[in-house]
Amino acid sequence: MKILVTGGAGFIGSAVVRLAVSRGHDVVNVDALTYAACLENVASVSESPLYAFEHADICDRAAMDRILAAHKPDAVMHLAAESHVDRSIDGPGAFIQANITGTYILLEAARAYWEGAGKPEGFRFHHISTDEVFGSLGAEGQFTEDTPYAPNSPYSASKAASDHLVRAWAETYGLPVVMTNCSNNYGPYHFPEKLVPVVILKALAGEAIPVYGTGENVRDWLYVEDHADALLCVLEKGVLNRSYNVGGENEATNLDLVKMICGVLDQRRPENAPHADLISFVADRPGHDLRYAIDPTRISTELNWRPSVTVEEGIAKTVDWYLDNQDWWSALQNRDGVGARLGTKS
Ligand SMILES: NC(=O)c1ccc[n+]([C@@H]2O[C@H](COP(=O)([O-])OP(=O)(O)OC[C@H]3O[C@@H](n4cnc5c(N)ncnc54)[C@H](O)[C@@H]3O)[C@@H](O)[C@H]2O)c1
């Protein structure tokens, strides 16, 4: 299959690109190379004859038309987005532009391409979204695919809007779509402004490890390579016009996750133990959702998909990856906003 992946120089998109190429798919990576992108993430496949890169913005309709016509993909996997909640609080405009306008333009370009090709039945537009569109849970319950949307941040609202556009393009124009809403990812190549790499890198530097509020917020942690596997599974086997929730079956509070990372670092760098002494509670994020949890029944029963690692295994692999790849993350620490506290406006 030839797959056009948007956002393939980012964290999850690059995991999809690496996995798809390793499974023999042709991949066209379309990425605007924003502050969050890193082409090193796909260096392992960039020389492959199966891989092509297009430096382009999904908001550029002419570029999308040209790329689709030139590469003639069988599927589009749409991951390009502004993705950091804290940045969406400080500057929501970029999220409206990339996540809503960008998805609209990509949908229109994909529709024109699909219609121009005679509406091939096998074509798929796979929209990759987040469980954050469902809002916040209390202590009980899980998000199903039928949970009403109730986004609370500019980021999740922009993703919710993009989900609605994709659904409408399927209903109105018949565009063949599948959709996924996924929980928090972690793993190799995670940009160093997100919680897991921030904790690892602060702990390694012997600096205070910031934990928002009291650290009681619960997330369902999914190893990024398991997410990439789930996305290819949904692309290949998912029922047309259906959405699938993807979770790691690994709920943990932020504080427990931070302590887990510190525990792995205590084993790897015992001379600096206990790293948990560096934990420092800081002002909470405005509108910080308390709990997300995924009910994975649909993807596990219909598509027979399950995550392959526990959060303990995945965190140990992730810490080891950061210990082995200092060149990768140190080059990104100079990028705009990295290391600064963002998203405190309310
Ligand atoms: N990170 C998570 O835990 C998580 C969980 C569920 C869903 N998602 C979704 O998965 C997708 C990927 O997330 P991520 O964490 O890899 O994000 P990321 O920020 O690491 O990567 C996003 C990529 O998209 C590119 N991009 C941004 N705007 C673009 C534009 N206008 N045109 C072309 N490329 C553009 C960036 O350059 C970057 O390479 C997003 O749609 C996000 O909403 C993320």
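The values are calculated or read from the model by the stated rules, or taken from the named source; none is laboratory data. Model, not experiment: these values are computed from the prediction. Every residue, glycine as well, gets a Cβ built from its backbone with ideal geometry; the counts of neighbours run over all protein chains shown.
For the condition surrounded by fewer than 23 Cβ atoms within 10 Å (Cβ to Cβ), within 17 Å of the chain's Cα centre (by Cα) and modelled with pLDDT of 95 or more, what is the one hit in Ala157, Ala150? First the steps, then the outcome.
Numbers: Ala150 fails: within 17 Å of the chain's Cα centre (by Cα).
Answer to the check: Ala157.
Conditions tested, residue by residue: (1) aromatic (Phe, Trp, Tyr); (2) free of Cβ contacts under 8 Å to residues at least 60 places away in the same chain; (3) within 27 Å of Leu342 (Cβ to Cβ).
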{"position": "Ala170", "(1), (2), (3)": "no, no, no"}
{"position": "Ile209", "(1), (2), (3)": "no, no, yes"}
{"position": "Asp229", "(1), (2), (3)": "no, no, no"}
{"position": "Cys233", "(1), (2), (3)": "no, no, no"}
{"position": "Gly238", "(1), (2), (3)": "no, no, no"}
{"position": "Leu255", "(1), (2), (3)": "no, yes, yes"}
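Give the residues of the stretch 216-244 that are charged (D, E, K, R), more than 14 Å from Ile12 (Cα to Cα) and buried (at least 20 other Cβ atoms within 10 Å of the Cβ), sorted by residue number.
Keep residues of the stretch 216-244 that are charged (D, E, K, R), which gives 216, 219-220, 225-226, 229, 236-237, 242.
Pick out the ones that are also more than 14 Å from Ile12 (Cα to Cα) and you get 216, 219-220, 236-237, 242.
Answer for the stretch 216-244, where residues must be charged (D, E, K, R), more than 14 Å from Ile12 (Cα to Cα) and buried (at least 20 other Cβ atoms within 10 Å of the Cβ): Arg219, Asp220.
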Among the residues of the stretch 171-229, write down those that are part of a helix (DSSP H, G or I), within 11 Å of the ligand (Cβ to nearest atom) and either of a type in the set (Gly, Ala, Ser) or more than 19 Å from Arg285 (Cβ to Cβ) (or both). Val224, His227, Ala228
Within the stretch 111-134, work out how many residues are over 30 Å from Arg341 (Cα atoms) and assigned to a helix (DSSP H, G or I). 6
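In the stretch 46-78, what residues are of a type in the set (A, V, I, L, M, F, W, C) and more than 17 Å from Arg23 (Cβ to Cβ)? If you could, list the steps in order and put the result at the bottom.
First pass over the stretch 46-78, keeping only residues of a type in the set (A, V, I, L, M, F, W, C): 50, 52-53, 56, 58-59, 62-64, 67-70, 75-77.
Answer for the stretch 46-78, where residues must be of a type in the set (A, V, I, L, M, F, W, C) and more than 17 Å from Arg23 (Cβ to Cβ): Phe53, Ala56, Ile58, Cys59, Ala62, Ala63, Met64, Ile67, Leu68, Ala69, Ala70, Val76.
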Quick check on my filter: what residues within the stretch 287-322 are without any contact (Cβ under 8 Å) to a residue 60 or more places away in the chain and among the hydrophobic types (A, V, I, L, M, F, W, C)? Ala316
Only one of (1) in contact with a strand residue (DSSP E or B) (Cβ under 8 Å, 6 or more places away or on another chain); (2) on the phi < 0 side of the Ramachandran plot fails for Ser88. Which number is that? (1)
Expected single match for surrounded by 14 or more Cβ atoms within 10 Å (Cβ to Cβ), under 19 Å from the mean Cα position of the chain (by Cα) and small (Gly, Ala, Ser) among Gly287, Gly263, Gly314 is Gly314
The one condition in (1) closer than 29 Å to Leu4 by Cα; (2) more than 16 Å from the ligand (Cβ to nearest atom) that Leu265 fails to fulfil: (1)
If Ala20 meets every condition in (1) of a type in the set (Gly, Ala, Ser); (2) crowded, with 22+ Cβ neighbours inside 10 Å; (3) within 8 Å of the ligand (Cβ to nearest atom) apart from one, which number is that one? (3)
The residue that is farthest from the ligand (Cβ to nearest atom), considering only those in the stretch 48-86 that are more than 29 Å from Lys237 (Cα to Cα) and more than 21 Å from the chain's Cα centre (by Cα), is Ala62
Just the residues that are buried (at least 24 other Cβ atoms within 10 Å of the Cβ), within 19 Å of Phe125 (Cβ to Cβ) and within 13 Å of the ligand (Cβ to nearest atom), please, taken from the stretch 23-42. Asn29, Val30, Asp31
Can you find, within the stretch 87-120, the residue that is farthest from the ligand (Cβ to nearest atom) among those that are surrounded by fewer than 21 Cβ atoms within 10 Å (Cβ to Cβ) and aliphatic (A, V, I, L, M)? Ala117
